[in-house]
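Just so you know, all these numbers are worked out from the coordinates, no wet-lab data involved. For clarity, every value in this text was computed on a predicted model and none was experimentally measured. Here the Cβ positions follow ideal geometry from the backbone for every residue, glycine too, while neighbour counts run over all protein chains shown.
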Amino acid sequence: MKELNVITKGKETRKDKSVLLFSGGMDSVMFDLLLKPDVLLYAPTGSNYETIETAKIKQLADDNIIDGDKLIIMEDTINLAPFERDDLIVPNRNAYLVLLASHFGETIYLGSVYGDRSFDKDKTFYQLMENLLNHMWSEQHWTEERKFNVTSPYKDTTKTELIKQYVAAGGKTQHILDSYSCYRGEPIACGHCKPCVRKAVALICNDVHVPKGYFELPPMEAPWIDAVLPAMQCGEYRGREDAEFIEALWKYTDDKHAALHSGS
Ligand SMILES: [Zn+2]
């Protein structure tokens, strides 16, 4: 049992560090290069795809795509599996993760981009979490004052635009391919879940060659695309990202026809 000190020996102190909530996905890898955080924090929360996600993140460190010394993996800390919905949404997830990140630094980066639609990834959420942390970490008997900045600097940047900025900053597109963000949880990305399709759209729009077999099934043929296409054509699905999605569909169809006619 922990020794209890009614009169505490010391106070919590400022960490003066920046923390990126890291998932091992393409956005995470690009944010690491662009934002240069002090800490990459990965906290598996009990999803069915995280065994492979954890393995892929360790691989990124082993391959020096990310700095392993900055990586903190908090296994067996938060289990949100009982709250995972059938669409894999986990309500409150980002709030738990921001609270966890607050133990490591005062600047907390969330890896959201334009087109992410949840209310736990928007500007109101960041501001509310920042206010909550600032309140809880006010100067008091057990802690000195810690002032937080909860932010997502690329919230207005689409995934396609993010790749352009990442490449301009010296990032390698191969490292994007080495990242993993499939919901299925198998070593090969499925190609048809939303993270797979959004990744494919950003890669196609940036003319990044995706090797054959990288996705098990062709992302631009995912069956759910038909259902959201009418909304996309009006720019009402994910706003600015919709035009990129449609551009990727065109490019994919053109390439497929060209391959057919060349007999390859
Ligand atoms: Zn997938």
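Brief remarks on what is shown
- Placing a pseudo-label 7 Å from each Cα along the Cα-to-Cβ vector at LEU35 and LYS194 gives an inter-label distance of 2.0 nm.
- Net charge over other residues, Cβ less than 12 angstrom from the Cβ of SER23 (K, R count +1; D, E count -1): -2
- Order of GLU106, GLU144 - criterion: other Cβ atoms within 10 Å of each residue's Cβ, fewest first: GLU144, GLU106
- Distance from the stretch 204-264 to the stretch 20-41 (C-alpha centre basis), Å: 26
- Net lengthening on full extension, HIS261/ALA243 (0.36 nm per residue, minus Cα-Cα): 3.8 nm
- Applying 0.36 nm per residue to the separation of LEU128 and VAL167 and subtracting their alpha-carbon distance, the gain on full extension is 10.8 nm.
- For the listed peptides 157-164, 228-235, a ranking on the average number of other beta carbons within 10 Å per residue, highest first, reads 157-164, 228-235.
- Taking the stretch 183-264 and dividing mean pair separation by its residue count, relative contact order in percent (alpha carbons under 8 Å, at least six apart): 29
- LEU71 long-range amide H proximity, modeled H, under 5 Å: LEU40
- Contour excess over end-to-end distance, with Cα ends at TRP250 and GLU84 and 0.36 nm allotted per residue: 56.3 nm
- Each of ASP63, ASP86 has some number of other Cβ atoms within 10 Å of its Cβ, and from fewest to most they run ASP86, ASP63.
- Nonlocal Lys pairs with alpha-carbon distance under 25 Å, the stretch 18-151 (8 or more apart, or different chains): 13
- Residues of type lysines that LYS251 reaches as a straight line, Cα spacing below 25 Å, ignoring anything fewer than 8 places off in the same chain: LYS159, LYS164, LYS172, LYS194, LYS199, LYS212
- Other residues lying with their Cβ under 12 Å from the Cβ of ILE163 contribute a combined charge of +1, Lys and Arg counting +1, Asp and Glu -1.
- Among ARG93, ARG85, ARG240, the order by Cβ neighbours within 10 angstrom, fewest to most, reads ARG85, ARG240, ARG93.
- Projected label distance in nm at MET136 and ASP63, using a 7 Å step from Cα toward the beta-carbon: 3.5
- Partners of LYS11 within straight-line reach, counting aspartates and glutamates whose Cα lies under 14 Å from its Cα and excluding those fewer than 8 residues away in the same chain: GLU139, GLU144, GLU145.
- In summary, the aspartates and glutamates within cross-link reach of LYS17, defined as a Cα separation below 13 angstrom excluding same-chain residues under 8 places away, comprise ASP38, GLU106.
- Point-to-point label distance, VAL208-LYS147, nm (Cα→Cβ direction, 7 Å offset): 3.7
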